[in-house]
Amino acid sequence: MFRIFGFLFSFLILSPLFSQDISGSRLAEIQKRGELRVTGNRNFDPFYISDPKEGFPGFDAELGKKYAEFLGVKYTFTNRPEFEDYAEAIKSGEADIAFSGLSSTLERSKKGSFSSPYLVSSTGALVNKNALPPPPEGNIISTVYFRSVKDLESVSGLSFSVRAFSASHEYLLSIFPNSRIFTYGSMESAWNSVKEGQANCFVGDSLYIKGLLLKQRSILSNFRALVEPVQENHVSALLPKGDIYFSRNFEFFLSELKRTGELKSLEDKYFNRNDWVK
């Protein structure tokens, strides 16, 4: 009896659809139009997969559809490339929520409200093996001591490539302030610059790096993957700033996905297995 009462109490408190007058919230607009407008970058494997196999649209694509289903409305998606585009679209009402592998930062929080994290990652790297020093004499296991980005502090001559204004960019500036750092508008562009030899170390979200390796294991023939955690990057949804009813509703939805293990299953589907790779 107490368990049932506790569940009902939590539901009524956390779900504004049942406990509050939401007439001034974006949530009311969504219900009225019968449509959840989601935005993100569709060229961002495996959060969105541009040419997906059936049943594998991408982690964030599935999460957005599940939320629309929870609300009982239609899911629509519009492609936008950058965080600034998501924030402006949400502010103007062209989009309601953004799912796009977004790491929350203090600077970004000025433009919108971030949910609690639905994935936790770290800053990772893919470093050209030729840029690493040889192992100590007599040690036959190459680069065994390099497991995280921080392990590169003792390596000279490194140049870094990173997505501008990201959590990984902030980390690089704090740990490697005197190194050459090239910034790009997307992680894909930053990674391509390293493949083309413009820099010798790509730094980005560890989940993105996992996705790259699931698609192409041959990367490891020339690059060392450094994905041991050095900090927490919180991957969250971006919602309208100050809309407490919308935020509480989404938080309840997210907490239920975590409680039932559905969120963990979704993570395993895209970040621990490569069934989504064509």
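Within the range 224-270, the set of residues being open to solvent by 30 Å² or more (accessible area, probe 1.4 Å) and of a type in the set (Phe, Trp, Tyr) comprises TYR245 only. Restricting attention to the range 61-99, the residues that are at pLDDT below 95 and closer than 12 Å to ALA237 by Cα total 1. Return the residues of the range 48-64 that are surrounded by 17 or more Cβ atoms within 10 Å (Cβ to Cβ) and without any contact (Cβ under 8 Å) to a residue 60 or more places away in the chain; say none if nothing qualifies. Scanning the range 48-64 gives TYR48, PRO57, ASP60, ALA61, GLY64. Annotation note: Cβ proximity below 9 Å between a residue of the range 198-212 that is not assigned by the TED database to the domain that holds ALA164 and a residue that is of a type in the set (Asp, Glu) (sequence gap 6+ or interchain) occurs for no pair. Meeting the requirement of 1 or more residues that are under 25 Å from ASN128 (Cβ atoms) and of a type in the set (Val, Ile, Thr), the helices (runs of 4 or more DSSP H) wholly within the range 154-273 are 167-175, 187-195, 206-215. Residue count for the range 79-113, restricted to those that are crowded, with 21+ Cβ neighbours inside 10 Å and in contact (Cβ under 8 Å) with a residue 60 or more places away in the chain: 13. If you check ARG180 against the conditions, is it open to solvent by 10 Å² or more (accessible area, probe 1.4 Å), of a type in the set (D, E, K, R) and touching a helix residue (DSSP H, G or I) at 6+ places or on another chain (Cβ under 8 Å)? Taking the combined requirement at face value, the residue does not satisfy it. Being farther than 13 Å from VAL235 by Cβ, surrounded by fewer than 22 Cβ atoms within 10 Å (Cβ to Cβ) and not polar (S, T, N, Q) is the requirement here; does LEU126 meet it? The answer is no for LEU126. Criterion applied to SER255, SER236, SER247, SER166 was being under 30 Å from GLU94 (Cβ atoms), within 15 Å of the chain's Cα centre (by Cα) and modelled with pLDDT of 95 or more, and the one residue passing it is SER236. In the condition set (1) under 24 Å from the mean Cα position of the chain (by Cα); (2) at pLDDT 90 or above; (3) surrounded by fewer than 20 Cβ atoms within 10 Å (Cβ to Cβ), GLY34 is compliant with all but (1).
The values are calculated or read from the model by the stated rules, or taken from the named source; none is laboratory data. What you see is a predicted model, and the numbers here were worked out from it, not measured in a lab. Cβ: placed from backbone, ideal geometry, glycine included. Neighbour counts: every protein chain shown. To get the accessible areas, we keep the full protein, side chains included, count just its heavy atoms, and leave off ligands, DNA and RNA. Shrake-Rupley method; radii C 1.70, N 1.55, O 1.52, S 1.80 Å.
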